[in-house]
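Notes for the one structure printed next.
The values are calculated or read from the model by the stated rules, or taken from the named source; none is laboratory data. Keep in mind that what you see is a predicted model, and the values were worked out from it rather than measured. Cβ coordinates were reconstructed from backbone atoms using ideal geometry, including for glycine residues, and neighbour counts include every protein chain displayed. All accessible areas refer to the heavy atoms of the entire protein, side chains included, with ligands and DNA or RNA removed. Shrake-Rupley method; radii C 1.70, N 1.55, O 1.52, S 1.80 Å.
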Amino acid sequence: MKKYLLVLACMFALVLAACSDDSADSGTAGDSGKSQEYRTVYSGEIKTLNYLKTSETNEFAVAANLVDGLIEYDEYGIVKPGLATEWEHNDDASVWTFKIREGAKWVDHEGKEVADVVAQDFVDGLNYVLDAKNESSTAWIATVVKNGDAFYNGEVTDFQQVGVKALDDYTLEYTLEGSTPYFLSMLNYVCFFPVNGAFLAETGEAFGTTRENFLYNGSYILDKFEPQNERVLVKNKTYWDKDNVKIDRIRYKYNKEAATVAPELFLRGEIDGASIPTSILDEWLKAEDKKDVVRQNTNNFYTYFYALNFDPQFDAEFAPENWKVAVNNKDFRKSLFHGLDRISAMLTMEPYNPENLISNTITPKNFVDVAGVDYTLLAPLKAISENDSFNKELAAQHKEAAMKALEGKVTFPVKVVLPYNSGSPEWANRSQVVEQQLENLLGKDYIDVELYAGPATGFLGEVRRPGKFSMIEANWGPDFADPSTYTDPFTTGGTYNKPELAEGYNAEYDKLVEAAKVEVEPAKRYELFAKAEAFLIEEAFVIPYAVGGGGYVASKLNPFESQYSPFGVTSEKFKGQSILEKPMSNEEYESAKEAWEKERAEALANASK
């Protein structure tokens, strides 16, 4: 999926809580024997429940708990049945056949049964996604299906020619454009989720606008949906796997200052979890009544980077045309690339071990490997992966070269519009650090960093997607188990920073990516993707920054109980998790992590036999 800029407000604002609520209308209780409620506060509001259209993390994170797909993952990252009970593929993995679980139900917002889940629901879902008039933000990933791209572009008008078929009520077949051995991992994404076609036709454009205009087949039903007030999820009593749903009720409470007030709410006992910002972290780690309830957060495979915009659309007062000329000069880009002290920026989130989050590549380490060699260590990416981009001497050299080349063409200092999400205090702090650090190193005669506080809600739509920035902290999450998943933000047609408009680009990155995509032999394929990624970074079209996660939290959730997968929506599910009696300490976290890593290694070894 195109997981556009992950609004960090969500990551920092989300806080967790649990309490007993004997009056809750719910099914099986959690481990405590009582009805469990998990409460959160948030500041970034969702705008739609239409999981077939959205690409925003906070929106499909809700949908992941309301609708199931064909497969899911266990706590060790091993694929297991979801709405498909079994599957098989042909020799070259271009045709996949799934048996749909019989007895799974679609229900309405009151939990009343509406219809059985059948194979046609997956056909109808993909038909919606690939119909260009629906403007699905996730259609691109579905074009792996034969004639998917042709149908989306109008070259094929009969959906019967698209490679998805309901062979009968409980047999579903996908025919793909070519060999796709990682197709299972793609199914963990919302564009392959089912929809009841009759209900979709009945609701039309109103689908997903309210809890009533929505059908559920997942772990939870949306019991309350009041934007900028509250939304409540309750356990789906008809769910096919309800015994593995331990938390009975999930309560999201809106608070525009969520990220700031969460720790205090935790201390008052109103919530049982919070992200702990660095501004108070030292105090928490030292205080007797706090140090045993705060722990590290887990890292993930989201990749964070600074994107340089080649199609600026910000206000004239900040001289977008001046920026456009400057950013098209490679030495100017490289001065920023080598001038950014990423560790100083990361200290705003991880003051003790910032190096643990820093990433020198777009694709994070340990994502995929070739014969035991990590992808990031393949040539020519290896040289980039093993060296810090921050280099004062190189930054100064590129600055001098840029000023010479741009003399008479650009007005110095060049204004650099650097926006951040106002819902995230740590993002705001980090932006201030970047402003001061870059200006102090490169000189205020060279650049003038202009900070811009964007909205907490709708940041993507109002700032990043319209191109109202010079340079922006952005991210991308993987959608399937192949390096190609990290290329899509930057190829022609992507909506991040339009590098295809850069002088000297000459579609070179596109060519490198396409050459890699058509290669089916894994070792050669990965080497070609490594070459493409090295080109992108070496040209300084982007500045790799960090991996996701990290920071510190106080939480009654055990992160090693949740479903685990680097891609798709699995990690957003509450299914399988239960409430701890007390928050996990950092010592307990480290012990649990060590045990989980050993158990996962054994589980993966057994799964590969």
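Magnitude of the charge dipole for the chain, about its Cα centre and with charges confined to Cβ atoms of Lys, Arg (+1) and Asp, Glu (-1), is about 720 debye. For the chain, DSSP calls about 80 percent of its internal beta bridges antiparallel. When only C-alpha pairs under 8 Å and at least 6 residues apart count, what is the relative contact order of segment 80-214, in percent? Relative contact order here is 28 percent. Take the Cα of LEU267, step 7 Å toward its Cβ, do the same at ASP92, and the gap between the two points is 6.4 nm.
For the listed peptides 152-161, 382-391, a ranking on the average number of other beta carbons within 10 Å per residue, highest first, reads 382-391, 152-161. Full extension of the chain segment joining GLN436 with ASP315 gains 41.3 nm, where the gain is 0.36 nm per residue of separation less the Cα-Cα distance.
Just the Kirkwood number for segment 103-185, please: inverse of mean 1/r across all distinct Cα pairs, in Å, one decimal. The answer is 13.9 Å.
Across the options GLY269, THR238, PHE225, the greatest Cα extent toward the positive end of the charge dipole of segment 210-270 (unit charges at beta carbon of Lys, Arg, Asp, Glu) belongs to THR238. Over the chain, with a single point scatterer placed on each C-alpha, what log10 of the ratio I(q)/I(0) does the Debye formula yield at q = 0.07, 0.08, 0.09, 0.12 1/Å? Evaluating at q = 0.07, 0.08, 0.09, 0.12 Å⁻¹ gives log10 I(q)/I(0) of -0.43, -0.57, -0.73, -1.33.
Normalised by 2.2 N^0.38 Å, with N the number of residues, the alpha-carbon radius of gyration of segment 222-298 equals 1.40. Projecting the Cα atoms of TYR174, SER137, VAL41 onto the dipole axis of the chain, where Lys and Arg carry +1 and Asp and Glu carry -1 at the beta carbon, places VAL41 farthest toward the positive end. A crude spin-label estimate for the pair LYS34 and ALA371, with each label 7 Å from Cα along the Cβ direction, gives 5.9 nm.
With all pairs of separate Cα atoms included, segment 421-472 yields a Kirkwood hydrodynamic radius of 11.9 Å. Sorted on the mean count of surrounding Cβ atoms within 10 Å across their residues, most packed first, peptides 312-320, 563-571 read 563-571, 312-320. Across segment 487-501, coupling constants 3J(HN,Hα) worked out from phi with the 6.51/-1.76/1.60 Karplus curve, θ = phi - 60°, read 8, 5, x, 10, 7, 4, x, x, 10, 8, 9, 6, x, 5, 8 Hz, and Gly and Pro carry x. Packing, taken as the mean count of other beta carbons within 10 Å per residue, orders the peptides 240-246, 336-342 from highest to lowest as 336-342, 240-246.
Other residues lying with their Cβ under 12 Å from the Cβ of GLY423 contribute a combined charge of -2, Lys and Arg counting +1, Asp and Glu -1. The share of accessible area on the chain that comes from carbon and sulfur is 47 percent, using a 1.4 angstrom probe. For the pair LYS80 and GLU202, label points projected 7 Å from Cα toward Cβ lie 3.4 nm apart.
What translational diffusion coefficient, to the nearest whole µm²/s, does segment 458-530 have by Stokes-Einstein, given a Kirkwood radius computed over alpha-carbon pairs, a temperature of 10 °C and 1.306 mPa s viscosity? Estimated diffusion coefficient is 116 µm²/s. Coupling constants for segment 549-557 follow from the phi torsions by the Karplus curve (6.51 cos²θ - 1.76 cosθ + 1.60, θ = phi - 60°), and in residue order they are x, x, x, 10, 9, 10, 8, 9, 9 Hz; glycine and proline get x.
Look at the Cα gyration tensor of segment 413-571: its axes a ≥ b ≥ c give a/c of at least 1.5 with a/b at or below b/c, and that counts as oblate.
Normalised by residue count, segment 44-137 yields a Cα convex hull volume of 153 Å³ per residue.
Calculated FRET efficiency, LYS511 to TYR352, Cβ-Cβ distance, R0 = 51 Å: about 0.75 to the nearest 0.05. Rounded to two decimals, the Cα-based Rg/Rh of segment 514-564, with Kirkwood Rh, is 1.22.
Per-residue ellipticity at 222 nm from helix content only, as computed over the chain with -39500 (n - 2.57) for each DSSP H run of at least four residues, stands at -8000 deg cm²/dmol. The calculated FRET efficiency for ALA523 paired with GLN228, based on their beta-carbon distance and R0 = 60 Å, is about 0.70.
Over the chain, accessible surface divided per residue gives 39 Å², non-protein components excluded, 1.4 Å probe. Counted by Cβ distance under 11 Å from ALA502, the other residues give a net charge of -1, where Lys and Arg count +1 and Asp and Glu count -1. Projecting the Cα atoms of SER424, VAL414, GLN436 onto the dipole axis of segment 382-454, where Lys and Arg carry +1 and Asp and Glu carry -1 at the beta carbon, places VAL414 farthest toward the positive end.
Dividing the radius of gyration of the alpha carbons in segment 266-391 by their Kirkwood radius gives 1.08 for Rg/Rh.
Around VAL434, what is the net charge, scoring Lys/Arg as +1 and Asp/Glu as -1 over all other residues with Cβ under 10 Å from its Cβ? Combined, the nearby Lys, Arg, Asp and Glu give -2. The separation of segment 550-609 from segment 330-390, counted between C-alpha centres, amounts to 25 Å.
Look at the alpha carbon pairs under 8 Å that are at least 6 residues apart: their mean separation over the length of the chain gives a relative contact order of 22 percent.
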